[in-house]
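One structure below.
Laboratory data are not the source of any read-out in this text; all were calculated from the coordinates shown. All of these numbers come straight from a predicted model, not from anything done at the bench. All Cβ positions, even for glycine, are placed from backbone atoms using ideal geometry, and neighbour counts span all protein chains on display.
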Amino acid sequence: MKNFTYKLICFAMVFSCLSLTAQEKNVEQFRNCATDEYNAQLLIDNPNMMGSETFERQLAPRITEIKRQLESGSMRALQFTIPVVVHVIHNGEPIGTGANISDAQVISQIQVLNDDYRRAVGSRGFNAHPDGADVEVEFCLAKQDPDGCVTTGINRIDMSAVSTSWSGPGGNTDTVLKPATFWDASQYMNMWSVNFSDNTLLGFAQFPGGPANSDGVVANYTYFGSNDATGVTIPGAFNLGRTMTHEVGHYLGLYHTFQGGTCAEGATSGDFCADTPAQNAPNNSNCPVGSDHCPSGDPDMIENYMDYTTDVCMNIFTNEQKARVIAVMQAGNNRPNTTTSDKCTPLADVSNDGSIEINQLVPVPCTSDLVANVRIQNFGTVALTSATVTYDVDGGTSTDISWTGNLAEGEFEDIDLMVTTSAGAHVLNVSIASPNGNADQRSCNDDTNADFTAAAAPASIEATDIYFTITTDNYSGETTWSIVDSNGTVVGSDSYDGDLDDNSTFEYTIPVGTNECYTFVINDSYGDGICCDYGDGSYELRVNTATGASIASGGDFAFIDSVNFLANALSVDDYFAGSNLYVYPNPTNNQLNIKLGNTNDLPNSYEIVNMLGQSITKSTIVTNEDLAINTSTLSNGMYFIRIIKDDASVTLPFIKK
């Protein structure tokens with residue numbers, strides 16, 4: 001069973017989550033690897049790990065023997081294949097948005113590692129340098145998870161309930177994130193793609209010999225994967241996956257080419273590799289041909305993956321670096337490969353194996369309810385055409401969904417479940433059973449759950465207008481905001497000119513409708529809000545005027561802050577509250593019914609909209625027969641029905657299956 005914790009920060013229905021894209025704060029970008037800092041901390045409690053004299057003394061004779069074997073040609077062609085799990089740490093965004101990077105982006109990173117470590121002909125990893133080496137190490141996304149179930153090797157985890165950003169060495173990445181998410185370091189190389197609090201930090205890795213529960217490599221999601229891959233867009237100079245090539249080099253026992261800041265040469269100084277020219281400082285910009293930090297020797301090897309040049313410049317591991325990597329792998333130190341771990345080996349085939357995962361929990365604005373987006377996946381050899389999905393909250397009354405479709409082996413379908421709940425902390429339990437009407441032949445992926453906290457439905461306000469004021473910070477160009485109604489219509493929004501609008505105050509009066517649910521969202525693209533590191537910005541929403549009741553205020557947030565509110569809700573109570581109104585059956589197959597306590601006082605009309613806020617159908621209500629709505633032509637999924645009476649309306653969610 002899998003358990004995840006969700007913080008409901010993205011507002012769906014007809015609202016989309018904002019893409020959280022980090023950007024630099026008007027400074028030139030340099031490669032920033034925190035590996036040395038990190039391992040200096042680890043050495044205090046792990047005095048024999050890499051970085052110590054003991055480690056180098058024990059490794060040296062092994063390197064000597066490996067070099068002899070490589071020179072004699074007595075070593076096998078492919079030394080090691082390393083099983084990899086990529087932990088995609090996100091904040092509840094849809095897959096492919098913000099920190100919840102796409103499968104394609106993850107897969108592109110594994111491809112780059114294989115190209116670079118194998119010096120693959122025809123790839124960016126190929127070089128013709130006389131000291132260039134095929135390291136003879138490959139990487140595979142794991143095929144088995146720690147429970148013995150099928151996996152893609154991509155482990156997506158919403159950690160926003162704990163934190164929406166993660167530290168460099170010594171902070172919550174080490175103390176919270178890694179211990180809560182790592183897979184057995186003796187069986188997998190753990191890779192984490194995260195949103196770093198410091199947007200200039202590219203990544204860091206743990207040297208061999210350190211503690212198992214923190215072992216692996218970490219990179220900022222904006223530098224993870226390659227812009228060369230189809231469907232992947234990564235901006236900047238570090239967009240070709242070489243951040244992970246560099247950090248995995250550390251994981252496999254390689255130092256920086258400028259290690260120690262000395263011009264001493266040889267196999268016992270600096271990076272301990274004699275064929276990397278002496279270098280006492282990094283090359284930290286572009287691809288500086290001819291750079292020579294130690295003029296008495298050869299020019300710097302600016303193309304070496306363990307320097308600090310930009311991604312497009314890098315394409316060399318040397319023969320000495322290769323010998324060191326093989327020695328580290330042979331020594332163990334939680335450096336798994338396919339001779340010590342079977343996690344790259346696919347499980348034996350079974351005919352019927354349905355899997356269920358929770359992708360995302362999305363609150364329904366102005367209620368305590370939510371929509372659970374779950375993934376049904378077929379890991380059986382027989383096409384999955386039917387299954388039963390069951391879900392409940394806190395172990396209470398369960399709801400069964402009879403799913404039908406046609407999924408070949410490995411294919412998946414994402415569906416929405418309407419979850420009715422109350423404000424407070426809860427657990428959503430979801431399971432799948434009876435694939436194709438048969439017993440599931442693997443039970444380890446049949447159920448999952450998620451902790452979540454549902455917000456209380458907001459209080460209604462009597463407003464004809466919303467008064468909004470904002471004071472920007474030093475970087476106003478990073479700030480945008482909007483107010484959106486339940487149909488997805490933007491009723492107010494603005495963005496700012498960073499050259500003109502910094503540290504300025506703006507006021508707005510925004511008309512609002514009767515009995516309408518609104519969502520206010522403010523976004524800072526850099527992830528530091530509008531207060532307090534770069535100015536003293538703030539915002540406030542009030543009812544009607546500058547002196548009206550406060551709806552929300554703030555300024556000290558990361559990427560996003562938001563609030564829901566109901567405007568002029570009392571007019572709804574006048575009609576709808578006494579009507580005992582609801583829709584049934586929900587989920588529905590072919591007919592949805594509007595239930596009223598008083599069928600002698602009918603609503604005027606209804607409108608059905610989809611999750612994107614697009615109107616699907618509208619109709620007037622003249623007789624009681626009009627309360628029965630034909631839904632057979634709707635595609636399966638989540639919808640909302642807006643029922644209208646005079647100037648009032650109420651919006652209810654329903655699922656078509």
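Return a whole-number percent for the relative contact order of the range 354-454, with Cα pairs under 8 Å and 6 or more residues apart as the contact set. Show your work: numbers first, answer last.
On the way: 249 pairs, mean separation 34.7, N = 101.
So the answer I get is 34 percent.
Given the -39500 (n - 2.57) contribution per DSSP H run of 4+ residues, what per-residue ellipticity at 222 nm results for the chain, rounded to the nearest 500 deg cm²/dmol?
Working: 6 runs with 73 residues, N = 657.
Helices in the chain give a 222 nm mean residue ellipticity of -3500 deg cm²/dmol.
Could you calculate, for the range 211-347, the ratio of the Cα radius of gyration to the Kirkwood radius, expressed as Rg to Rh?
Working: Rg = 16.5 Å, Rh = 16.3 Å.
Result for the range 211-347 is an Rg/Rh of 1.01.
Going out from 0 in 5 Å bins, what whole percent of all Cα-Cα distances in the range 172-242 drops into each bin?
Calculated over all Cα pairs of the range 172-242, the distribution is 3, 16, 24, 21, 16, 13, 6, 0 percent.
What spacing in nm lies between the two simple spin-label points modelled at ASN604 and ASN213, each 7 Å away from Cα in the Cβ direction?
Spacing of the two 7 Å Cα→Cβ label points: 6.2 nm.
I need to check one value: relative contact order of the chain, counting alpha carbon pairs closer than 8 Å and at least 6 residues apart, in percent.
Details: 1630 pairs, mean separation 82.3, N = 657.
Taking the mean separation of contacting Cα pairs over the length of the chain, I get 13 percent.
Rounded to the nearest 10 degrees, what's the angle between the helix 53-72 long axis and the longest principal axis of the chain, both from Cα atoms, 0 to 90?
For 53-72 against the chain, the angle is about 70 degrees.
Sort the following peptides by mean Cβ neighbour count (other Cβ atoms within 10 Å, averaged over residues), highest first: 159-170, 317-328, 392-403, 35-46. Could the numbers behind the result be given before it?
Working: 159-170: 20.2, 317-328: 25.2, 392-403: 13.9, 35-46: 16.3.
In decreasing order of mean packing, 159-170, 317-328, 392-403, 35-46 become 317-328, 159-170, 35-46, 392-403.
For the pair VAL162 and ASN436, what calculated FRET efficiency results from E = 1/(1 + (r/R0)^6), where r is the Cβ-Cβ distance and R0 = 25 Å, to the nearest 0.05?
Numbers: r = 39 Å, r/R0 = 1.54.
Approximately 0.05, to the nearest 0.05.
How much space per residue, in cubic angstrom, does the convex hull of the C-alpha atoms of the chain take up?
Values: hull volume 107.9 nm³, N = 657.
Convex hull volume per residue, Cα atoms: 164 Å³.
Bin all alpha-carbon pair distances of the range 477-575 at 5 Å intervals from 0 and give each bin's fraction as a whole percent.
Using 5 Å bins, I get a P(r) of 3, 11, 21, 24, 18, 12, 6, 3, 2, 1, 0 for the range 477-575.
Output the relative contact order of the range 460-567, whole-number percent, from Cα pairs under 8 angstrom with separation of 6+ residues.
Details: 275 pairs, mean separation 39.1, N = 108.
So the answer I get is 36 percent.
Over the Cα atoms of the range 32-253, what is the Rg over Rh ratio if Rh follows Kirkwood? It would help to have the intermediate numbers written out before the result.
Values: Rg = 17.6 Å, Rh = 18.2 Å.
That ratio is 0.96, to two decimals.
Hey, what does the equivalent ellipsoid look like for the range 109-217, semi-axes from the Cα gyration tensor as sqrt of 5 times each eigenvalue, largest first, whole Å? Could the numbers behind the result be given before it?
Details: eigenvalues 158, 68, 38 Å².
For the range 109-217, the ellipsoid semi-axes come out as 28, 18, 14 Å.
Roughly how tilted is helix 319-331, in degrees to the nearest 10 and between 0 and 90, from the longest Cα axis of the chain?
70
For the chain, what number of Lys pairs, 8 or more residues apart or on separate chains, have alpha-carbon atoms under 26 Å from each other?
18
What is the extension gain from ASN636 to ALA456, computed as 0.36 nm multiplied by their sequence separation minus the C-alpha to C-alpha distance, in nm to one decimal? Could the numbers behind the result be given before it?
On the way: separation 180, 0.36 × 180 = 64.80 nm, distance 2.87 nm.
My answer for the length gained is 61.9 nm.
Can you list residues from other chains, or at least 5 along the same chain, whose modelled amide H is less than 5 Å from the amide H of GLY498?
Under 5 Å from the amide H of GLY498: GLY477.
Which of the peptides 188-197, 275-284 is most tightly packed, and how do the rest follow, going by the mean number of other Cβ atoms within 10 Å of each residue?
Working: 188-197: 25.3, 275-284: 20.9.
Order by mean packing, descending: 188-197, 275-284.
Quantify how much of the Cα-Cα distance distribution of the range 57-178 extends past 25 Å, in percent. Before the final figure, lay out the partial values.
Numbers: 3439 of 7381 pairs.
The share of Cα pairs beyond 25 Å in the range 57-178 comes to 47 percent.
Report, in degrees rounded to the nearest 10, the 0 to 90 angle that the Cα long axis of helix 35-45 makes with the longest principal axis of the chain.
Roughly 80 degrees, rounded to the nearest 10.
Once you place label points 7 Å from the Cα toward the Cβ at ASP298 and CYS140, how far apart are they in nm?
The two pseudo-label positions are separated by 3.5 nm.
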